[in-house]
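Some notes on the structure that comes next.
Read-outs throughout are calculated quantities, based only on the coordinates presented, and are distinct from any laboratory measurement. Here the structure is a predicted model, which means the values were calculated and not measured. Ideal geometry is used to build each Cβ from the backbone, glycine not excepted, and the neighbour counts take in all protein chains shown.
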Amino acid sequence: MSLLHPLDDFELWFWSAMLGGTNAVNAALHMAQVTPAESAFPSQPGVYHVPDENAAGGHRAVLKSLGDVLHVGRPPIQGPVPDDVQRMMHAMEIIESHRDPCTRGESEPTADIVAQCQAAYAECLGLLRKRLAEVPA
């Protein structure tokens, strides 16, 4: 198995980083008790898929208040967010700023864009690791 090449495999590499970073933000939001830690997958702002007791292994769509974010800012977070989580969200905004232009063909990804995304992703994960290290055992 080989690793993804950031430029040759940009779209898959990019979406992997964006999803991983968004999951890191969601984990930090849960740890900070800003959002609930629950089995609810966001599909659109305000729409979540939750386990359906009537369908073995199935899910159903429900409208509910804030849970996991789909993308940073979607849905917006109401209430105070700790500084480190705000920094994680800012890092993800850097990555998100390249989503549409680079994955929808409006502009070509460059080594500079890859470097910006890699630095933002590393910052996001570094902040989550620090938060995790501070959790009492």
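One table, with the values for the structure above:
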| read-out | value |
| --- | --- |
| Where trypsin sites (Lys or Arg not before Pro) fall in DSSP loop in the range 54-137, at most 12 other Cβ within 10 Å | ARG104 |
| On Cα atoms only, tilt of 10-31 relative to the major axis of the chain in degrees | 40 degrees |
| Distance from the range 1-55 to the range 73-123 (C-alpha centre basis), Å | 14 Å |
| Separation of the ALA55 and LEU7 label points, Cα + 7 Å toward Cβ, nm | 4.5 nm |
| For CYS124, CYS102, order by how many other beta-carbon atoms lie within 10 Å, fewest first | CYS102, CYS124 |
| Principal-axis tilt of helix 111-133 within the chain, Cα atoms, nearest 10 degrees | 40 degrees |
| FRET efficiency estimate (nearest 0.05) - Cβ-Cβ, VAL47 to GLN86, R0 30 angstrom | 0.75 |
| Rounded to 10°, Cα long-axis angle of helix 83-96 versus longest principal axis of the chain | 50 degrees |
